[in-house]
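Structure first, then comments.
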Number of protein chains: 2
Amino acid sequence: MPRIDYFTEANSVEAVNARMGEATDPRLREVMASLVRHLHDFVKEVGLTQAEWEVAIDFLTRTGQLCDAQRQEFILLSDTLGVSMLVDALAHRRPAGATENTVFGPFHVDGAPELPMGSCISLDGKGESCRYTGRVLDLDGQPIAGARIDVWSDNSDGFYDVQQPGQQPTWNNRGVFVTGPDGRYDFVGIKPVSYPIPDDGPVGHMLTRLGRHPWRPAHMHFLLTHPDYERIVTHLFVAGDDYLASDAVFGVKASLIVAYRPVSQGDTEWEAAADFVMVKPPSR
Amino acid sequence: MPRIDYFTEANSVEAVNARMGEATDPRLREVMASLVRHLHDFVKEVGLTQAEWEVAIDFLTRTGQLCDAQRQEFILLSDTLGVSMLVDALAHRRPAGATENTVFGPFHVDGAPELPMGSCISLDGKGESCRYTGRVLDLDGQPIAGARIDVWSDNSDGFYDVQQPGQQPTWNNRGVFVTGPDGRYDFVGIKPVSYPIPDDGPVGHMLTRLGRHPWRPAHMHFLLTHPDYERIVTHLFVAGDDYLASDAVFGVKASLIVAYRPVSQGDTEWEAAADFVMVKPPSR
Ligand SMILES: [Cu+2]
Ligand SMILES: [Fe+3]
Ligand SMILES: [Fe+3]
């Protein structure tokens, strides 16, 4: 009769991982084996108590139960623990000079109207107007024609249109612009304002217990796509914002902070200029 | 202006953990710092992709949403990944000779009737009868009087009474016995049968993907309490069961496997004998 190695504190990782069947998908096996090892190492390192384990079970349960079509509390948990930005970083190790990615966020909407360059996307008349200009370039500094620039921001009350249906005009502070041969873009929006992530659930409670706030620094979202280049999901952050150093979801990168300059003569109060540099997707 | 270390792949752990406020409870700080480190290490080690991250978010969300008063899918997840047994092992490092713990399981019910020694707890007349006998002892081999022994098992169809309300008699295969000065216990139940954990949810799907089955080897549950001794939560496992080496929740320990012996002359078909050894709680 073969000797059986039953589960013990010492062999816990091996005992669990040895159970995986031979036909298990190799990638799933790799991911699960690593997950079990790090999870058990964590439990052992801190000596997790049964009372703490119960708190964890309850936290995860409530986090799942708060999720619905409007709210994804597990993504919020991933965001606030830096996991979302880490996964994004691993997927987008770009060469120096290329525009960096940041979090996509939950407020993008497909199908925003495509507008001529120079159009204004702020439809509610609120906030401080700002002209956004710049170019879409390749790594050699050559303009990219046909780049599709999808932009969105909150209004001056700190809410996206989809958070206030009926209250904000549809497509308020959203638009799509397509570059011509010079790679230039040019549109008018507002100077966005900082806003808190939803903090009335388990994640908000966690942030409070950790002495953290739920605020994101003011930012304009950009999604750049082009058939020949890698998609860019990014923001422009407003230089000088109070929350740049403490973004609740760790989205800030130094290269994404832009100066908003007051305009003395012109039809907007501010202007912000930034070029975007796209790279070819990794060849397969 | 101080230089700010924004989140990067390289400093991700430090960036997240540095956010914790100075007033954070020291134990919470310790647990969260370790959790974030192991979580990020896992993501980096496997190079978790965005598609895999989406699968994980969806899995966790569905696991939370399946939980209700009858079903705790996150505990099932913890059980099947060996975390529950690990937490139990850390909390109960007992000296050699003491009875080992195992999982509590979801089917205990408070308030089962206290019965005289020798009573039969099987009320539905199903299954193969078994006499359980033994003693409750201290580490010196001295009998412990006044030990409260709460026992429960499935019936021969593999279900606990609470899983089949109206179908099984109330308190079927449950009872409480209190030892006298000789420390002996003696009751009649059935030889339990192996049963699967609930496998129609995300955890069952995970087990299938991992080439694992949902079965637990047959066992009789024991909960021993006494004012002067540490509580014991354990099972007796039926020697020879097909699933001893592959308990879906990793609950088997060699010391908990007992021989069920056929009875030639007597009023039961089987007999099982086991002593339990209680220890004093750690002094504070
Ligand atoms: Cu680890
Ligand atoms: Fe945003
Ligand atoms: Fe059980």
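Each value in this text was obtained by applying a stated rule to the coordinates, not by laboratory testing. Quantities reported herein were computed from a predicted structural model and do not represent experimental measurements. No Cβ is skipped: glycine too gets one built from the backbone with ideal geometry, and neighbour counts run over all protein chains shown.
Coordinate range of the alpha-carbon atoms in the range A:68-129 per principal axis, descending: 38, 37, 24 Å. Let a ≥ b ≥ c be the square roots of the eigenvalues of the Cα gyration tensor of chain B; is it rounded (a/c under 1.5), or, if not, prolate (a/b larger than b/c) or oblate? The shape class here is prolate. In sequence order, the range A:260-273 has phi-based couplings of 9, 9, x, 9, 8, 10, x, 9, 10, 7, 9, 9, 9, 10 Hz under the Karplus curve 6.51 cos²θ - 1.76 cosθ + 1.60, θ = phi - 60°, and Gly or Pro positions carry x. Quotient of the Cα radius of gyration of the protein assembly as shown and 2.2 N^0.38 Å, N being its number of residues: 1.24. The range B:204-251 and the range A:47-72 have Cα centres spaced 24 Å apart.
Once the Cβ-Cβ distance of A:Asn11 and A:Leu139 is raised to the sixth power relative to R0 = 35 Å, the FRET efficiency obtained is 0.10.
With +1 on each Lys and Arg Cβ and -1 on each Asp and Glu Cβ, how big is the dipole of the range B:1-48 about its Cα centre, in debye rounded to the nearest 20? Computed charge dipole of the range B:1-48: roughly 60 debye.
Stretching the chain fully between B:Val263 and B:Asp228 yields a gain of 9.0 nm (0.36 nm per residue, less the alpha carbon separation). Computed about its Cα centre, the charge dipole of the range A:1-120 is approximately 260 debye, with only Lys, Arg, Asp and Glu carrying charge at their Cβ. Using the Karplus relation 6.51 cos²θ - 1.76 cosθ + 1.60 with θ = phi - 60°, the per-residue 3J(HN,Hα) values for the range A:37-47 come to 5, 5, 5, 5, 4, 4, 4, 6, 4, 8, x Hz, with x marking Gly and Pro. Please check which bits of the range A:171-212 a label hung off A:Ala245 would reach, taking the label as a point 7 Å along Cα-to-C-beta and the cut-off as backbone N under 17 Å. Only A:212 pass the distance filter. Net charge in the neighbourhood of A:Phe159 (other residues with Cβ under 14 Å of its Cβ; Lys, Arg +1, Asp, Glu -1) is -1.
The residues neighbouring A:Gln72, those whose beta-carbon lies less than 12 Å from its own, together hold a net charge of -4 under the Lys/Arg +1, Asp/Glu -1 convention.
Within straight-line reach of A:Lys126, meaning a Cα separation under 20 Å, sit the following lysines at least 8 residues removed in sequence or on another chain: A:Lys191. Between identical copies, the spacing of B:Pro181 label points, each set 7 Å from Cα toward the C-beta atom, reads 10.9 nm from nearest to farthest. Neighbours of B:Lys44, meaning other residues whose beta-carbon lies under 11 angstrom from its beta-carbon, give a summed charge of -2 when Lys and Arg score +1 and Asp and Glu score -1. Close amide H pairs (under 5 Å, H built 1.01 Å from N) link A:His235 with A:Thr102, A:Phe222, residues at least 5 positions away or on another chain.
For the range A:129-134, 3J(HN,Hα) computed residue by residue from phi via the Karplus equation (6.51, -1.76, 1.60; θ = phi - 60°) reads 6, 8, 8, 9, 9, x Hz, glycine and proline entered as x. Distances between copies at A:Glu30, taken between label points 7 Å from Cα along the C-beta direction, are 3.6 nm in increasing order. In nanometres and ascending order, the distances from the B:Ala259 label point to those of the other copies are 8.8 (point 7 Å from Cα along Cα→Cβ). The Cα trace of the range B:1-138 gives Rg and Dmax of 23.7, 80 Å, the first to one decimal, the second as a whole number. Looking down the axis that turns chain B into chain A, the chain B residue with its beta carbon nearest that axis, and the gap rounded to whole angstrom, comes out as B:Gly64, 1. Remark on B:Ser119: its backbone amide H falls under 5 Å from those of B:Val188, a criterion applied only to residues 5 or more positions apart or on other chains, H modelled at 1.01 Å from N.
Derived value for the range B:1-48: Kirkwood hydrodynamic radius 11.8 Å. Basis is the mean of 1/r over every pair of different alpha-carbon atoms.
Computed over the range A:115-266, relative contact order equals 24 percent, with contacts defined as Cα pairs under 8 Å that lie 6+ residues apart. Projected label points at A:Arg148 and B:Thr170, each 7 Å from Cα along the beta carbon direction, are separated by 6.5 nanometres. Think of it as helices only: each DSSP H run of n ≥ 4 in chain A is worth -39500 (n - 2.57), and spread over all residues that comes to -7500 deg cm²/dmol at 222 nm. Label point of A:Leu123 set 7 angstrom out along Cα-Cβ; within the range A:136-165, amide nitrogens under 18 Å from it belong to A:150-165. Loop-resident trypsin sites (Lys or Arg not before Pro) (DSSP state other than H, G, I, E or B) in the range A:3-85 with no more than 14 further Cβ atoms inside 10 Å of their Cβ: A:Arg3, A:Arg71. Over chain A, Cα pairs under 8 Å with separation of 6+ residues give a relative contact order of 20 percent.
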